[in-house]
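The values are calculated or read from the model by the stated rules, or taken from the named source; none is laboratory data. This structure is a prediction, so every number in the text was calculated from the model and none was measured. Cβ placement follows ideal geometry from the backbone for every residue including glycine, while neighbour counts extend to all protein chains displayed. What goes into the accessible areas is simple: the full protein's heavy atoms, side chains included, and nothing from ligands, DNA or RNA. Shrake-Rupley method; radii C 1.70, N 1.55, O 1.52, S 1.80 Å.
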2 protein chains.
Amino acid sequence: MKNNKTIDQLEAELKGLKAKYHIKKISPLAPKDGFPKLPVIKGVRYASTAANIKYSDRDDVMLIECIQGSSIGGVFTRSSTRSASVLDCQKKLKINSSNSPIAILVNSGNSNAFTGSYGEKSVSKICEAISNELKIPTNSIFTSSTGVIGEKLLHEKIIKKIQELKFNLNKNSAESAARAIMTTDTFPKGAGSSFLISGCPVNIAGFAKGSGMISPDMATMLVYIFTDVSIEKNILQNILTKINEKTFNSITVDSDTSTSDSLIIVATGQSDCKKITDEFSAEALKFTDELHAIMSNLSKQVVRDGEGASKFLEILINGAVSDSSAKTVGLAIANSPLIKTALAGEDPNWGRVVMGVGKSGEPADRDKISIWFGNILVAENGWVAPSYNESLGQNYMKNEDLKITVDLGVGNGSSTVWTCDLTHQYVAINADYRS
Amino acid sequence: MKNNKTIDQLEAELKGLKAKYHIKKISPLAPKDGFPKLPVIKGVRYASTAANIKYSDRDDVMLIECIQGSSIGGVFTRSSTRSASVLDCQKKLKINSSNSPIAILVNSGNSNAFTGSYGEKSVSKICEAISNELKIPTNSIFTSSTGVIGEKLLHEKIIKKIQELKFNLNKNSAESAARAIMTTDTFPKGAGSSFLISGCPVNIAGFAKGSGMISPDMATMLVYIFTDVSIEKNILQNILTKINEKTFNSITVDSDTSTSDSLIIVATGQSDCKKITDEFSAEALKFTDELHAIMSNLSKQVVRDGEGASKFLEILINGAVSDSSAKTVGLAIANSPLIKTALAGEDPNWGRVVMGVGKSGEPADRDKISIWFGNILVAENGWVAPSYNESLGQNYMKNEDLKITVDLGVGNGSSTVWTCDLTHQYVAINADYRS
């Protein structure tokens, strides 16, 4: 049956529907200033190129070389089906000394996960080729792969490019490297800082990729962080593991844990400062603070690029019986499809937050729970707050960056987690197009 | 910028988009034959009416009376923020004897959850009114409420209708009662059977509601089951709890646990058969089998009415270290947004199934995992099966009812769980419209 609309009206209606349901090119939550200018890290060189693994029109492989004497640390996915690269990195990390340079090679477009013994062969072949070209022992060569699961990685395509990559290694190409490892990401994620430790100047630069299959029961997406700080390997690892728990392990996009998540940090020791040899020295604490800021920044950028995200949500849980109990409650809220869709709909549906607390299985007492949206007290004493009215909540939900605070009132544990909303775009990205 | 499409082309494009994104009236997965004809259960009478609690054009309260001498059992949500009705039912269930009739009152449109002490008062007032009208002690009166969380239940509206409900009580109105408790459900869910126990005819009739906020770490949505079997209360409860674990506790729509979930079963003992007094007698086992079939049927209907569902998925996990480990793996797959959107997109994305196994945290060995889509072997020995090709998977995914089997190869544990897909309609129901 025909209706009587004009072409203009129909086009406007179509445009509206497309705007509502179709994928935007860059996440609306992306940093307004684009990729930051990262400090140069002495002893680190980057290169990237197009190996045509899956994408035909962009760089999809990157190589990083770090100078001899560097300390390395890492955290990885705990998935029982983790990729060949992850298993290889974990093995090498344990035995790596600082007696040789370190190389890191990453490809996007294929995760080399669940590819049987062929996957392990691919990793070996790539590491051997890099070893021959860069004259570095294979035990100091680390790889990551990100993309489709279960498809053979055509490692020859990568191996053919190693000479070119080596030739192009330079200290200024961190952003190109960050772009080469993107998959469904809509923007590259970088963070850096330059600061003083006991009056001595040092630098940190890092970048990350991640957008979907993001859940915190593991290390993180792919993240590479470099610093010229001089620090013992075991201290670097301890600091990293601690910070990771409060940054990358406190974010979730869709509750799904990747088979490839890896974070690698390398400290080249090329600054002129003295070596950090005590985890609790003033110098170590300063470095910890700065690294925490970088990792927090990068982890939030991953959430801001969550597939289909239109809202960024910080969830603070106070008054839990312990910090880990608080985190469980926070993640129950952060992973709830009903809460995430309410965010997308700008619906101040605090009843669903109550549901999230209830489903977490953690100790809570209905009559002691308080809930705030931003600074607005929404619920207290087991019921809606007398001062609250729906239009306050509705106005608040129009913000792009949101915060929900829940005080459980049963202890002193607290935790903060970060997530994004669940939108039509998320379904479009993961259902409408074959991946 | 104008394009050059004709009105016909634009209308066709609009129609396509609307069909793709808009909500269908009744789930495409609903039983083709509609609500079944339930057997009459001697000793059970139903009534429903419109109390105008939230909906203005339909029945939203139902009352059921069961004859004196009945045994009652129940399972309830484990949410720490469960509703006043649930807490009241749990208390009364423990002390209820068969010395008086039993009444069950249920309203839809308001869950009376997180409504502070006012919520408890509402339950008391409703029970007192029923007690006065039906001459039943309040300890034998059970209530459920389902709908919005955190809003005052206007119990006076219900109390005004109790006389009318009592007047209309009759043995044939189970379907009207099932319709009165619907919220976002698109169809009422019923199941019944008539069978012989040691040659003696008995009957079971049950109905359920549930569509969103459906996750198995609890009892279930709202479910009421009646039988004329004569059975001791504690045996009834044991059988119920066991079956519940393999039916309602094995389904998930969106991983979110309701604050109101309740399943109540009443056995009136009005058949002419002898009383079941031994849980492991042939009679008890026959009854268990039949009740299992009814609960399995109803629980799958809840999944088939999952918000926005277009595909029904059975997940069978074999070869786990234990049954409970198998269930954890099954639910990790069933609750994965990436797997659920792949279903919606008819994408045979078995890599996401591998991810689901990996994220579950349960023992698994990559090289021992096998995966089937229906009867198609997709992966084995830690990689894609040599006999598999993508077009086989693509054709299979076009089916409305799907089955994924995973053999972990590390033990003898097994479990089956049921879920549906995650579609644009789910987001539309929960984000586009205020609830």
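General remarks:
- Chain lengthening between B:Asn132 and B:Ser324 when straightened (0.36 nm per residue, less Cα-Cα): 64.5 nm
- Relative contact order (%) - the stretch B:312-432, alpha-carbon pairs under 8 angstrom, separation at least six: 46 percent
- Look at the stretch A:71-81: the mean tally of other chain Cβ atoms within 10 Å of its residues' Cβ atoms is 4.
- Exposure rank, largest accessible area first [B:Arg78, B:Arg179, B:Arg304, A:Arg352; 1.4 Å]: B:Arg78, B:Arg179, B:Arg304, A:Arg352
- The accessible area of A:Ile26, taken with all protein chains in place and a 1.4 Å probe, comes to roughly 100 Å².
- Above-threshold pairs, the threshold being 23 Å between Cα atoms, out of A:Lys54/B:Lys359; A:Lys340/B:Lys32; A:Lys37/A:Lys171; B:Lys94/B:Lys275; A:Lys32/A:Lys161; A:Lys242/A:Lys311: A:Lys54/B:Lys359; A:Lys340/B:Lys32; A:Lys32/A:Lys161; A:Lys242/A:Lys311
- Just checking the listed ones, A:Ser140, A:Ser117, A:Ser100: in the Gaussian network model of chain A with Cα springs under 10 Å, the one fluctuating most is A:Ser117.
- Other copies of A:Asn412: label-to-label distances in nm, shortest first, labels 7 Å along the beta-carbon direction: 5.1
- Probe 1.4 Å - accessible area at B:Thr405, Å² to nearest ten: 20 Å²
- For the stretch A:132-179, a drop of 30 Å² or more in accessible area on going from the chain alone to the assembled protein chains (1.4 Å probe) is found at A:Ile149, A:Gly150.
- For the stretch A:140-287, the Cβ-based charge dipole about the Cα centre amounts to some 440 debye (Lys, Arg positive; Asp, Glu negative; other atoms uncharged).
- With an a/c value of 1.5 or above and a/b larger than b/c for the gyration tensor axes a ≥ b ≥ c computed over the alpha-carbon atoms, the protein assembly as shown is described as prolate.
- Where chymotrypsin sites (Phe, Trp or Tyr not before Pro) fall in DSSP loop in the stretch B:354-435, at most 12 other Cβ within 10 Å: B:Tyr433
- Label sites at B:Leu169 and A:Lys368, each approximated as a point 7 angstrom past Cα along Cα to Cβ, lie 4.2 nm apart.
- Chains A and B together, accessible area buried on both sides, 1.4 angstrom probe, square angstrom: 6500 Å²
- Shape call, the stretch B:312-432: gyration tensor on alpha carbons, a/c limit 1.5: oblate
- Per residue, in Å², the accessible surface of chain B once ligands and nucleic acids are set aside, probe 1.4 Å: 37 Å²
- Within the straight-line cut-off of under 21 Å between alpha carbons, the lysines reachable from B:Lys274 are B:Lys42, B:Lys233, B:Lys286, sequence neighbours fewer than 8 places apart in one chain being disregarded.
- At 7 Å out from Cα toward Cβ: B:Tyr55 inter-copy label distances (nm, ascending): 4.9
- For B:111-119, mean number of other protein chain Cβ atoms within 10 Å: 5
- Chain lengthening between B:Lys37 and B:Lys54 when straightened (0.36 nm per residue, less Cα-Cα): 3.3 nm
- The slack between A:Lys152 and A:Ser117, meaning 0.36 nm per residue of separation minus the straight C-alpha distance, is 11.6 nm.
- Across the stretch A:44-304, the mean sequence separation of Cα contacts (distance under 8 Å, 6 or more residues apart), normalised by length, yields a relative contact order of 24 percent.
- Rounded to the nearest 20 debye, the dipole size of the stretch A:312-432 about its Cα centre is 200 debye, using +1 on the Cβ of Lys and Arg and -1 on the Cβ of Asp and Glu.
- Gyration tensor (alpha-carbon) shape descriptor, chain B, a/c threshold 1.5: oblate
- Counting Cβ atoms of other protein chains within 10 Å of each Cβ in A:416-428 and taking the mean gives 4.
- As a length-normalised measure over Cα pairs under 8 Å and 6 or more apart, the relative contact order of chain A settles at 18 percent.
- Hydrodynamic radius by Kirkwood, which averages 1/r over all alpha carbon pairs of the stretch B:44-304, in angstrom: 18.0 Å
- As a fraction of the 1.4 Å probe accessible area of the stretch B:44-304, surface on carbon and sulfur atoms comes out at 47 percent.
- Rounded to the nearest 10 degrees, the angle from helix A:233-246 to the longest Cα principal axis of chain A is 20 degrees.
- For the protein assembly as shown, the Cβ-based charge dipole about the Cα centre amounts to some 720 debye (Lys, Arg positive; Asp, Glu negative; other atoms uncharged).
- Label point 7 Å beyond Cα along the C-beta direction, distances from B:Lys32 to other copies (nm, shortest first): 5.8
- Listed residue (B:Asn249, B:Trp383, B:Gly409) projecting farthest to the positive dipole end of the protein assembly as shown, Cβ model: B:Trp383
- Here's the picture: charge each Lys and Arg Cβ at +1 and each Asp and Glu Cβ at -1 in chain A, and of A:Leu316, A:Ser111, A:Ile294 the one pushed furthest to the positive end of that dipole is A:Ser111.
- Residue-averaged 222 nm ellipticity for the protein assembly as shown, from DSSP H runs of 4+ at -39500 (n - 2.57), nearest 500: -10000 deg cm²/dmol
- Taking the charge dipole of the protein assembly as shown about its Cα centre, with +1 at Lys and Arg Cβ atoms and -1 at Asp and Glu Cβ atoms, the residue from A:Asn52, B:Asn238, B:Gly306 reaching farthest to the positive side is A:Asn52.
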